[in-house]
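S.K.: One structure, pasted below without further comment.
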Amino acid sequence: MQASMQLRRAAASNLAGKNAGAIPPVVPVQRVNRRAAQRLAQAVPAERDFNTTAFTKELVKFADTEEYIIRGGRDKFPALGKAFQGIKQVGVIGWGSQAPAQAQNMRDSFEAAGLDIKVSIGLRGDSPSCTEAEACGFKRSDGTLGEVFDVVSSSDLVVLLISDAAQAKLYPRILAAMKPGATLGLSHGFLLGVMKNDGVDFRKDINVVLVAPKGMGPSVRRLYEQGKTVNGAGINSSFAVQQDYTGTATDIAIGWAVAVGAPFAFYTTLESEYKSDIYGERCILLGAVHGMVEALFRRYTRAGMSDEEAFKHSVECITGPISRTISTQGMVAVYNMFDEAGKKVFADAYAASFTPAMDICMEIYEDVASGNEIKSVVQAGSRFDRFPMGKIDQTYMWKVGKAVRAKRVESEIPLDPFTAGVYVATMMATVQTLLEKGHPFSEICNESIIEAVDSLNPYMHARGVAFMVDNCSYTARLGSRKWAPRFDYILEQQAFVAIDNKEPLDQEAFKAFMDHPVHAAMAACSAMRPSVDISVASDAEPSSTEGVGVGGARTEYRSTVAAA
């Protein structure tokens, strides 16, 4: 244990970088004297503060800012009874990526805590997902599986996990069916954006809260299962309280985050969450990495690499050694892994790619913030019956990838400095845009870096980027398809051309990267990182479902219009 802690501290030091300074300790609020409490109250903006009676909030310094967080883990399960006081039934509506994971995690947590709280799944009576839910132990006979509106009307906490497009169509009926004093739980702030576009608000006699795990459903379930033997393993979550009718909404939200297995949860708002989340999916989490690797693959094959080597130097390099290094040591550590020649290639690729990538990142953010991207998702959802989403994994590049994964030797995956420079530049463009738009570092680190390297990229490494793009939420899949080509084109047309033509590069951008405060913020996150990495079987092991579709979470989704 002592050696493990020493390694964790060393990793935190590496993440901070030589200029970032030491990471201050997490400070439990109960140990802060009155004078210090007044100072801390001034340090943390009011909109980022919260009060809880069931849990202990802790103060963490992320770079040059301070934020309160909640630490999770199975040792916090005894507090669930107080957090969920008065709640007899949690209704989980839907059965997509998140619902199987969250429903089973909550059911297991309530049982471990000795709580008599029923978790019920709400689905259409003719839904093919009923069979999948039954296979996970939810049954009509004991009331843990029922019709959507029956479950909504009988639940004290309604966790709405149907697709964003379906939420946009069905929310008036769902809100009307809820009983007064109940709590509406969202795992995405998308619905708030829809309702803003529609000019309406939530009912005043209910609570409205959010818990948003920073990873796809199968990873939420897989790491929770691993956490049964290693306390604190799980996926970080954000939480928010949009409306507190009963005065207990904050404890309910935090309890929900702990029950689904968050090792730590940070406070946000619904508006901040949907802006950062929808934006992130279109940038480094999915859209940007998809467009980037296709551009790199073409570049490397044109330079004379074989198809297999080009795939290794583009996709495998990012989802393997680059992601693992960022996860445990930070972005600067990727640069430091190269010799002097490699560092020059990395720095040039970074300098050439950062501004073009940020151009697209800024456009995406402003489209999300204005409501345009939300309208695009809703409109696409209405066309699904006529124009269902096709898959992308049957194109030539992704077939090459399947063959490469079948013969993969992890130790032989190359660490390409050009690929690393392009990837890190695009990740930093994602980060910088959020920072300029006023998002706190806890949200920036989790939405732009941790979710990528600790949740999504391991799945990409196991099954391919195309698998990830084809099997995320509708909103994420639509966004990746829409924006990946923009990243592909701008990198090829601007960044790669600048390199090939030996144009003067923006070396100030690279210097700003090396000195950026996000490295210290990531070091603070690393100090709270569980010691467990997610375990996912590759498609070279077709008989194994380890971490893929685990717990009944689908790996394939139907594109259908929600029934009115």
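S.K.: Could you tell me which of the residues ILE444, ILE449 is more than 29 Å from ALA168 (Cβ to Cβ), open to solvent by less than 20 Å² (accessible area, probe 1.4 Å) and assigned to a helix (DSSP H, G or I)?
M.R.: ILE449
S.K.: Checking GLN242 against (1) closer than 30 Å to VAL119 by Cβ; (2) buried (at least 24 other Cβ atoms within 10 Å of the Cβ), which single condition isn't satisfied?
M.R.: Checking GLN242 against (1) closer than 30 Å to VAL119 by Cβ; (2) buried (at least 24 other Cβ atoms within 10 Å of the Cβ), the one that fails is (2).
S.K.: On to the next question. For the subset of the stretch 212-227 comprising residues that are open to solvent by 10 Å² or more (accessible area, probe 1.4 Å) and within 12 Å of the chain's Cα centre (by Cα), which member is nearest to TYR459 (Cα to Cα)?
M.R.: MET216
S.K.: Oh, and also: Only residues that are open to solvent by 20 Å² or more (accessible area, probe 1.4 Å), among the aliphatic types (A, V, I, L, M) and under 21 Å from THR475 (Cα atoms): list them for the stretch 169-190, please.
M.R.: LEU170
S.K.: Further question: Identify, please: which residue in the stretch 96-145 is among the acidic types (Asp, Glu), at pLDDT 95 or above and over 23 Å from ASN471 (Cβ atoms) and is, among those, surrounded by the fewest Cβ atoms within 10 Å (Cβ to Cβ)?
M.R.: Looking at residues that are among the acidic types (Asp, Glu), at pLDDT 95 or above and over 23 Å from ASN471 (Cβ atoms), I get ASP116.
S.K.: Given the conditions (1) surrounded by 23 or more Cβ atoms within 10 Å (Cβ to Cβ); (2) part of a helix (DSSP H, G or I); (3) not aromatic (Phe, Trp, Tyr), which single one is not true for ALA509?
M.R.: ALA509 satisfies all of (1) surrounded by 23 or more Cβ atoms within 10 Å (Cβ to Cβ); (2) part of a helix (DSSP H, G or I); (3) not aromatic (Phe, Trp, Tyr) except (1).
S.K.: Going by the structure shown, is VAL497 surrounded by fewer than 24 Cβ atoms within 10 Å (Cβ to Cβ), assigned to a helix (DSSP H, G or I) and either at negative phi or within 25 Å of the chain's Cα centre (by Cα) (or both)? Please lay out each step first, then the result.
M.R.: Details: surrounded by fewer than 24 Cβ atoms within 10 Å (Cβ to Cβ): yes; assigned to a helix (DSSP H, G or I): yes; either at negative phi or within 25 Å of the chain's Cα centre (by Cα) (or both): yes.
Taking the combined requirement at face value, the residue satisfies it.
S.K.: Here is a follow-up. Would you confirm whether any residue within the stretch 256-266 is surrounded by fewer than 24 Cβ atoms within 10 Å (Cβ to Cβ) and over 15 Å from the mean Cα position of the chain (by Cα)?
M.R.: no
S.K.: Are any residues in the stretch 405-430 open to solvent by 10 Å² or more (accessible area, probe 1.4 Å) and among the hydrophobic types (A, V, I, L, M, F, W, C), and if so, which ones? Let's see the steps before the verdict.
M.R.: Kept after step one, since they are open to solvent by 10 Å² or more (accessible area, probe 1.4 Å), are these residues of the stretch 405-430: 405-418.
Residues satisfying the conditions are ALA406, VAL409, ILE413, LEU415, PHE418.
S.K.: Go through (1) over 24 Å from GLY143 (Cα atoms); (2) at pLDDT 95 or above; (3) under 27 Å from the mean Cα position of the chain (by Cα); (4) of a type in the set (A, V, I, L, M, F, W, C) for VAL200 and report which single condition fails.
M.R.: It is condition (3) that VAL200 fails.
S.K.: Return yes when GLY193 is surrounded by 24 or more Cβ atoms within 10 Å (Cβ to Cβ) and over 14 Å from ALA99 (Cβ atoms) and no when it is not.
M.R.: So GLY193 fits the description; yes.
S.K.: Then there is this: Right, GLY438: at positive phi and open to solvent by 10 Å² or more (accessible area, probe 1.4 Å) or not?
M.R.: yes
S.K.: Something else now. In the stretch 391-404, what count of residues is obtained for those that are surrounded by fewer than 22 Cβ atoms within 10 Å (Cβ to Cβ) and more than 16 Å from GLY287 (Cα to Cα)?
M.R.: Selection size over the stretch 391-404: 9.
S.K.: Now for a separate question. For the stretch 362-385, state whether one or more residues are in contact (Cβ under 8 Å) with a residue 12 or more places away in the chain, open to solvent by 10 Å² or more (accessible area, probe 1.4 Å), more than 27 Å from the chain's Cα centre (by Cα) and more than 23 Å from HIS461 (Cβ to Cβ).
M.R.: Yes: one or more hits.
The values are calculated or read from the model by the stated rules, or taken from the named source; none is laboratory data. Quick caveat: nothing in here was measured; it's all calculated off a predicted structure. Using ideal geometry, Cβ is built from the backbone for each residue, glycine included, and neighbour counts are taken over all protein chains shown. Heavy atoms of the whole protein, side chains included, go into the accessibility calculation; ligands, DNA and RNA do not. Shrake-Rupley method; radii C 1.70, N 1.55, O 1.52, S 1.80 Å.
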